[in-house]
Structures are given as C-alpha cells and as structure tokens.
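Worksheet for the structure shown next.
Throughout, read-outs are computed from the coordinates displayed, never taken from laboratory work. Because the structure is a prediction, the values reported are computed rather than measured. All Cβ positions, even for glycine, are placed from backbone atoms using ideal geometry, and neighbour counts span all protein chains on display.
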Amino acid sequence: MILRKGDTGDEVALLQRRLTRAGFPTPETHVFDHATESAVMAFQKACGLVIDGVVGNKTLAAQLAGFAMSEHLTDADLANAAHTLGVPIAAIRAVNEVESRGEGFLPDGRPVILFERHVFYKRLKARGFDVDALAAKYPNIVSPTAGGYMGKAAEYTRLAIAERIDADAAHESASWGAFQIMGYHWQALEYSSVADFVARMQRSEGDHLDAFVRFIAADTALLSALKARKWAAFSKGYNGPDYARNLYDVKLARAYERYADMTTPAAPTKAAA
C-alpha cells in the first residue's frame, strides 16, 4: 500500500491518526493534503528515512513499530488502576487477563471495536430517525436485535456505514478497546464528548484501562464486588446474565489466586526462623 498527496479515504484518516499518536499532530480530514504531507515528511526525518512525503512500506513499518512500544499496558498502569479503585493489584491483573479481550489494538493500529446494531437502533430512534426504514435498508447496521458481527477490522466497515448516518450515534454504539467499554457511557465517565472518548481509545491501552477504571468507579455495585472479590457478582454486572456460560467468575477467581500468590511473600522456613 502506498499513500501520497491527493489520496482520500479511510486509509488516509488512519494514517492521520497514526501521525498524531506518533507526535506529529495531523487533522483527521480523510484527505492526504499539504498538512498531512508535511507531517509525513517530519516523521520520516525523525526516523532517518528518505524524506519524500510518500507513505510506503518502510514508513508504515516505522509507524507500527513505534506504536507497538507506546500503546500497550504497563505495570505502572495496572498499579495506578489498583490504587485508584482501592483494590489489590492482583485483582486488576486478574480482570486484565480475563475481561480484557486480548490486544487492545488491531495490527493496523486501530483500537479493537465491536459495533452493536441494536444500540445504534436505539440511539437513532432517540434522535428522531426513521429507524425502521433504515433497518430495512441497512439490516446489518440498524436493527432492534443484536447481531451482524463481522469481527476484527471488518467491524470498522460496519462503523463507517453507521458514521454516514450519524457519526456520534455510531461511535456511541460501539464498544471500544481492550475492555470493550461502550461509547454511550462517555458522559457518565466524564469525557467531554464522545469524540473525546474515541480519541482516548485511539491513543493507548493505558487509556483503555483508564476507561475501565472510570466505569467501575461509577458503579458502586461493581466496585463493591471487585473489592470483596465476589467474582460471580462482578462478572454478572460486567458481562450480563450469560457470564456463567463462559465461566468468567471461575476464570477470575483462578487468575486472582495465581496473581495473589505471586505477590505474597513466602513463609519463612524453620531454619530461617
């Protein structure tokens, strides 16, 4: 894939997001304009690449390598989350292992999402759209029932169609990042807008964990369950009534015990005593 000045589309928008995250702020216009070319050239200069303003394989590889170093969770992130919520770090490690869905980002640098067509149906209906007409035209995007999932990068294809109907409602109707926090929670979690929430989700897994911490802190029942290590109650509140089918509570309990053992000092031997 090669991108250069004059190109347009979602790949250009993704490039612009990557440049911004790499420290070269670029407006997300979907157009490879002069500002984007200038940012690409500045990035290439910083990386010691040929400075031509054209995004080829070497420039793309340099971007992805930089993101791999900066976007993943660190021990400091986990420790800060445990301190903020007032729980043992073993509890946060357990939740991170079981409840986060693996990597928070796709290989192309975009945050993992899952678009929920039934949520989009409700958000559009509240905005006064003729949702039944839209459901007839876009059954995989607008529907009173859940489903239509395509998974991984293909979820962005669904999101792009939804964005053309109503961008804010579309972003509110997807779950984002490693911990799959729904976009419509943005206000309750004290983000300034859904656009602010999405921008944070595009930045790092540390931001994904921060959204999770805000989500738990805003729900007293979930926070109490986590503090007491009542894994069934926590799993039901976080995953819904189907939690038992996937053994989330059992997995959390086992993970917590394993991490707690790792952080508990060994008892002294008789000889040492």
Original post:
Which of Ala255, Ala233, Ala188 moves the most in a Gaussian network model of the chain with Cα springs under 10 Å?
Top reply: Ala188
Subject >> Folded to 0 to 90 degrees: helix 10-21 orientation relative to the chain principal axis, Cα >> reply: 60 degrees
Subject >> Rounded to 10°, Cα long-axis angle of helix 34-47 versus longest principal axis of the chain >> reply: 50 degrees
Original post:
Of Lys152/Lys236; Lys5/Lys152; Lys152/Lys251; Lys125/Lys230, which ones are farther than 31 Å apart at the Cα?
Top reply: Lys125/Lys230
**OP:** Kindly provide the helix-only [θ] at 222 nm of the chain, computed as the sum of -39,500 (n - 2.57) over DSSP H runs of four or more divided by all residues, to the nearest 500 deg cm²/dmol?
**Re:** -16500 deg cm²/dmol
**OP:** Take the alpha carbon atoms of the stretch 1-51, find their center, do the same for the stretch 83-148, and report the distance between the two centers in whole angstrom.
**Re:** 28 Å
Subject >> Label corresponding to Cα extents along the principal axes in Å when calculated from the structure given, among [x] 60, 39, 32; [y] 42, 40, 37; [z] 74, 54, 30 >> reply: [z]
**OP:** Once you have the Cα-Cα distance between Asp196 and Ile161, take 0.36 nm times their residue separation minus that, and quote the gain in nm to one decimal.
**Re:** 10.5 nm
Subject >> At R0 = 22 Å, FRET efficiency that the Cβ-Cβ distance of Glu28 and Met1 yields, to 0.05 >> reply: 0.75
